[in-house]
Amino acid sequence: MNDRLFCKGYTWGFFSGSGVFGTADADASMERLAENGLDWICIPVNCFQEAYYSLNVFAMFGRTQTDDEVRKAVRKAKSLGLKVCLKPMVDCLDRAWRARIDFPAENPRYWDMWFASYTRFMLHYAAIAEEEGCDMLCTGCEMAGMDKQAERCEKMIGEVREVYHGLIMHNINHGDEFRFPWLSAVDVIGISGYYPCTDENDRSLERMKSVWEGVVSRLEEVNRRYGRPVMLAEIGVRNEQGCTQYPWDFHDRPERPIDEQEQADFYEAALSTTWDKEWFAGYFWWDWKAKLPPAEKARENRDFTVYGKLAEKVLRKWYKGE
């Protein structure tokens, strides 16, 4: 375990939209999440661009959390004794994955214009993170197109550091671990750890642990190469049969039976193989809703959240020692 940084964390409130963070339901949700032994929470803020080839990042009425709501969520987390990672995120309204944001190399002006917009967006939230005493700021999430622009990324990080003085984490996708040499410019390398670890023939916990041992070796090499602690900035699976074959998939498959045990085993495999590594900086599991369903309906929810499911007991075992 890394003495300087180890996040027993969870991501909270993704895609909540404006008007949610300020509610009593949101307060109750965060309080319930904290009961699992967290010491960190990751709070995402949702902003947008029209399409993967658009040049402007913007807040959207009704879908972007207001600044006041973001500040309230951060203050609520602090009141619960949690450290906070603020995670501004860009999504495309054409439903393209943000990793696809890219422009032709023949005309660098497109990237110049896009980075000007993205940097304004990031500096806005960097100022809020600084003013509210956030402990970490995430400067990008699964944005492989952007991350190929090394000089522009380093410049953006430098401008953020002029405004925000806490830890800077940058979140890349699994499979991109060795693509971007400039990652040594940040304090923590976050990885979306949606690594498949089973197949149709073997979904056992033993198989999951075996695959995760290989993942750990890969993450350790990331630490050696960049000289930075590594965390799983996103990680999780849905509670349905086969979820560990495609952990990244957000699509509901109603033809697949609910399988809480497979989700719980994924948690156990990932936690048990990473927990005690000196270079490893922890987890922001994906994700806990700002408005929870009724307790009696929790197990019917096929989403990534572990609220009311077997995997929540695994999380508590590791985070609280229960």
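The values are calculated or read from the model by the stated rules, or taken from the named source; none is laboratory data. A quick note: this is a predicted structure, and the numbers were derived from the prediction, not measured. Cβ: placed from backbone, ideal geometry, glycine included. Neighbour counts: every protein chain shown.
Couple of notes before you dig in:
- Some residue of the stretch 69-85 being surrounded by fewer than 21 Cβ atoms within 10 Å (Cβ to Cβ) and of a type in the set (Asp, Glu): no
- 1 or more residues of a type in the set (Lys, Arg) and under 20 Å from the mean Cα position of the chain (by Cα): qualifying strands (runs of 3 or more DSSP E) within the stretch 2-99: 7-12, 83-92
- For the stretch 242-253, the criterion of being modelled with pLDDT under 95, in contact with a Gly (Cβ under 9 Å, 6 or more places away or on another chain), farther than 30 Å from Thr23 by Cα and of a type in the set (D, E, K, R) is met by at least one residue.
- Failed condition for Ala298, given (1) more than 26 Å from Met231 (Cβ to Cβ); (2) at pLDDT 95 or above: (2)
- Exclusive hit being of a type in the set (D, E, K, R), more than 16 Å from Val306 (Cβ to Cβ) and free of Cβ contacts under 8 Å to residues at least 24 places away in the same chain, set Arg225, Arg218, Arg207: Arg207
- Per-region count, the stretch 100-130, residues within 21 Å of the chain's Cα centre (by Cα) and assigned to a helix (DSSP H, G or I): 13
- Test: residue in the stretch 264-272 that is surrounded by fewer than 21 Cβ atoms within 10 Å (Cβ to Cβ) and outside any helix (DSSP H, G or I): no
- If you go through the stretch 290-318 and pick out every residue that is under 22 Å from Asp249 (Cβ atoms) and surrounded by fewer than 15 Cβ atoms within 10 Å (Cβ to Cβ), you end up with 1.
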